Amino acid sequence: MKKEPLKTASLVAATGSLALLLAAIVIFATATGAVKVPLGETARIIVSRLPFVPKAKLMEGVPKAHETIIWKIRLPRVLLSGLVGAGLAAAGVVLQALFRNPLSDPQVLGISSGAAFGASIAIAFGISFTVAGISSIWMFAFVGAILTMLLVFRVARIATSHSVTSILLAGIACSSMLTAGITIIMMWNREKLEQVYLWMLGSFSAASWVKVGFMGIVLLFSVISFLLLGRELDLITFGDQEAQSMGVSVKRTRVIAVVATSLLVAASVSVSGIIGFVSLIIPHIMRILSGPKNRRLIPLALLGGAIFMIACDTLSRSLVPPAEIAVGAITQVTGAPYFLYLLWRERRKEERE
Amino acid sequence: MKNIDVKDLSYQPKTAPKPILDQVSYTFSEGHMTALLGPNGSGKTTLLRHFLSQIRVSSDAVRIDGKAVRDYQPKALGQILAWVPQSHSGDSAFAVEDVVQMARYPYKSTWESDNAEDEKIVTEAMERVGIAHLRKRQFQSLSGGEKQRVLIARALCQTTPWILLDEPTSNLDVKHQIQIMKMLREMVDEKKISVIVVMHDFNMVARYCDQAILLKKGNVVAKGAVEDVLKREILRDVYEVDFDILDKDGKKIYFAREDSGNCDTMGE
């Protein structure tokens, strides 16, 4: 990590390149599938839906069936996976700043399990209603996420000063407890078993434009609050007391960040189930480019998370067609070794000091 | 007049058998370099934490510029008090210049970025403390003494009328101790900044501070001009150690005697 972060101009260039890469991978992923649609045709179908574009001219010679496949089935799925990937990566960035701990992520801290626990209660007991377009499953997931986060935070604080170990242990304990709780709920309601189990693995197979819209709104709201708090999050990495002595309203910052992160994680889990390790790996890789400043890191993490998740989801549906591998399994297979590498590197660093 | 007024300040956490601060009253007046003295556990850091609103009391026992500390918005307080903490775990990946620049926070609105004026203040602060050559280094890669100097530079960069330092020289070698104390004294004399410093080294205190307040078990034992506080009888009473006090060019030199009375029974 001796390498210096990029200068501002190169950082803008890197962000721009990632954005282009994202656009390319969206088109590529949308073109990939059982029915092969040429890349150019895919791009035309997507672009034709943008405002101020002469639709009729672009769509000349494009089969109607292709348009339906791309627009109704594949594009929402690709966009949803992109949004969830971006959201999870951003949540990881904020949690790592908030807990002053490079190993924090929604899954390690038990927040994902909390959301899944809430959701499985709603599924298993058939609690199903909708208020202003928000389903009961989502509300339960949100409450589960936020309660878990508060619990972990509280326990870690009692166990002195947010040390790495105490937060990880508290998170792991909460996570196992909640996962066990989900298993018990599943055993009681065997007929709902499959539905809950799918949730635990993570999948975008049930994507829809409604979910894309919902996830997009939540992501927009959370990212705006994260960017607003960028400076405060930087200062908080020096400890609450030092941050406060420089004028940060620590409590306000923490409350806003916790609520926005929980909202984001709950929304992600509610549309796609638990997808692990994205929030851990992506911020780490991007931090090498951006340096530790959160306002530089967040845009990169959003793009990186989206690219990574779209790639994983495309793999998940094209490795063993027509079956699908749960996307959560793919992110874990790539993420877990990286997590081990991080632990190993931390250890090496401690030994050297 | 931006004095810090402490009036009848008592503080006892729920779990503590005895109060940490007991009816402390003192006015830290502007334009001085005041030493905050006392044995370990006498309440020095706790007193500073009250100023910084890290410990919030319901009363208005601590007033800055006539206004109770708890009534200040965090940013407003950040424009009055800068703080150099006693120690820092220090695993931050930020570069030294970014750490120093963080102290410009209380002057910035959400989207305002740092301008040329801020850059100048950052550079000046680093030069004053002698860490300009470290500016690109990662904070976590520094030695304990270097980290301490970065935090002092950060406090200067906050450009506050008051700077509170909690044992700022504890990790420094003699040369840097003198450099820091001399620099602080210059800040007081030239820039009319007021300094409160927690210290254990009476020789340094006698050389650079002009006011002192001495605490023992949460009580103020002595206060006023340094030479009136650092008296043999007072020190023996508070520290249970006898001192030889010598005169050298008008400054006092303090030398602790090993054979002083209660050294063996300090833990009573």
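The values are calculated or read from the model by the stated rules, or taken from the named source; none is laboratory data. The shown structure was predicted, so the numbers you read here are calculated from the model rather than taken from an experiment. With ideal geometry, Cβ positions are generated from the backbone for all residues, glycine too; neighbour counts draw on all protein chains shown. Just so you know, the surface numbers come from the protein's heavy atoms only, side chains and all, with ligands and any DNA or RNA stripped out. Shrake-Rupley method; radii C 1.70, N 1.55, O 1.52, S 1.80 Å.
Side notes on the structure shown:
- Count - residues of region A:104-124 that are in contact with a Phe, Trp or Tyr (Cβ under 7 Å, 6 or more places away or on another chain) and of a type in the set (Val, Ile, Thr): 1
- Residue selected from region A:87-134 under the condition within 14 Å of chain B (Cβ to nearest Cβ) and outside any loop (DSSP other than H, G, I, E, B), by the criterion surrounded by the most Cβ atoms within 10 Å (Cβ to Cβ): A:93
- Any hit, region B:107-117, residues being in contact (Cβ under 8 Å) with a residue 24 or more places away in the chain and outside the structural domain of residue B:223 (by TED's automatic domain parsing): yes
- Residue tally, condition in a loop (DSSP other than H, G, I, E, B), open to solvent by 20 Å² or more (accessible area, probe 1.4 Å) and not basic (Lys, Arg), over region B:56-108: 15
- The set of residues from region B:117-167 being over 25 Å from residue B:65 (Cα atoms), open to solvent by less than 10 Å² (accessible area, probe 1.4 Å) and in a loop (DSSP other than H, G, I, E, B) comprises just one member, B:131.
- Contact map, region A:274-292: first residue aromatic (Phe, Trp, Tyr), second residue assigned to a helix (DSSP H, G or I), Cβ cut-off under 7 Å, separation 6 or more or different chains; pairs are A:277/A:331; A:277/A:332; A:277/A:335; A:277/A:336; A:277/A:339.
- Test: residue in region A:251-272 that is open to solvent by 10 Å² or more (accessible area, probe 1.4 Å), facing chain B (nearest Cβ under 10 Å), over 30 Å from residue A:203 (Cα atoms) and in a helix (DSSP H, G or I): yes
- One residue stands out among those in region A:89-136 that are polar (S, T, N, Q) and closer than 22 Å to residue A:255 by Cβ: the one that is farthest from the chain's Cα centre (by Cα), which is A:101.
- Residue B:15 vs. criteria among the hydroxyl-bearing types (Ser, Thr, Tyr), in contact (Cβ under 8 Å) with a residue 60 or more places away in the chain and more than 10 Å from chain A (Cβ to nearest Cβ): no
- If only residues of region A:225-249 that are open to solvent by 20 Å² or more (accessible area, probe 1.4 Å) and more than 8 Å from every other protein chain (Cβ to nearest Cβ) are counted, the one that is farthest from residue B:157 (Cα to Cα) is A:227.
- Long-range neighbours under 6 Å by Cβ, at least six apart or interchain, first residue modelled with pLDDT of 75 or more within region A:329-353, second part of a helix (DSSP H, G or I): A:330/A:312; A:330/A:315; A:330/A:316; A:331/A:278; A:331/A:312; A:335/A:281; A:338/A:281
- Summed over region B:1-47, the residues that are of a type in the set (S, T, N, Q) and assigned to a loop (DSSP other than H, G, I, E, B) give a count of 6.
- Residue in region B:99-109 that is away from every other protein chain (no Cβ under 14 Å) and either closer than 19 Å to residue B:159 by Cα or over 21 Å from the mean Cα position of the chain (by Cα) (or both) present: no
- Of residues in region B:74-90 being more than 8 Å from chain A (Cβ to nearest Cβ) and of a type outside the set (Gly, Ala, Ser), the one nearest to residue B:171 (Cα to Cα): B:86
- Scanning region A:273-284 for residues that are surrounded by fewer than 24 Cβ atoms within 10 Å (Cβ to Cβ) and within 14 Å of chain B (Cβ to nearest Cβ) gives a single hit, A:284.
- For residue B:114, the criteria (1) open to solvent by 10 Å² or more (accessible area, probe 1.4 Å); (2) touching a Lys or Arg at 6+ places or on another chain (Cβ under 8 Å); (3) away from chain A (no Cβ under 13 Å) hold in every case but one, which is (3).
- Options A:306, A:301; residue that is in a helix (DSSP H, G or I), small (Gly, Ala, Ser) and in contact with a Leu (Cβ under 6 Å, 6 or more places away or on another chain): A:306
- Among residues of region B:86-126, those that are at pLDDT 90 or above and under 17 Å from residue B:163 (Cβ atoms), counted: 13
- Taking the listed residues A:62, A:84, A:35, the one that is under 26 Å from the mean Cα position of the chain (by Cα) and either in a loop (DSSP other than H, G, I, E, B) or hydrophobic (A, V, I, L, M, F, W, C) (or both) is A:84, with no other qualifying.
- Among (1) under 28 Å from residue A:148 (Cβ atoms); (2) open to solvent by 20 Å² or more (accessible area, probe 1.4 Å), the one test that residue A:317 misses: (1)
- Residue satisfying condition, being open to solvent by less than 30 Å² (accessible area, probe 1.4 Å), more than 24 Å from residue A:301 (Cα to Cα) and under 22 Å from the mean Cα position of the chain (by Cα), within set A:172, A:182: A:182
- Region A:62-92, residues that are of a type in the set (Val, Ile, Thr) and more than 20 Å from residue A:336 (Cβ to Cβ): A:62, A:68, A:69, A:70, A:73, A:78
- If the condition is being under 21 Å from residue A:28 (Cβ atoms) and either assigned to a loop (DSSP other than H, G, I, E, B) or at pLDDT 85 or above (or both), then region A:47-59 contributes A:49, A:50, A:53, A:59.
- Selected residue (only one of B:237, B:201, B:228 is within 14 Å of the chain's Cα centre (by Cα), among the acidic types (Asp, Glu) and assigned by TED's automatic domain parsing to the domain that holds residue B:44): B:201
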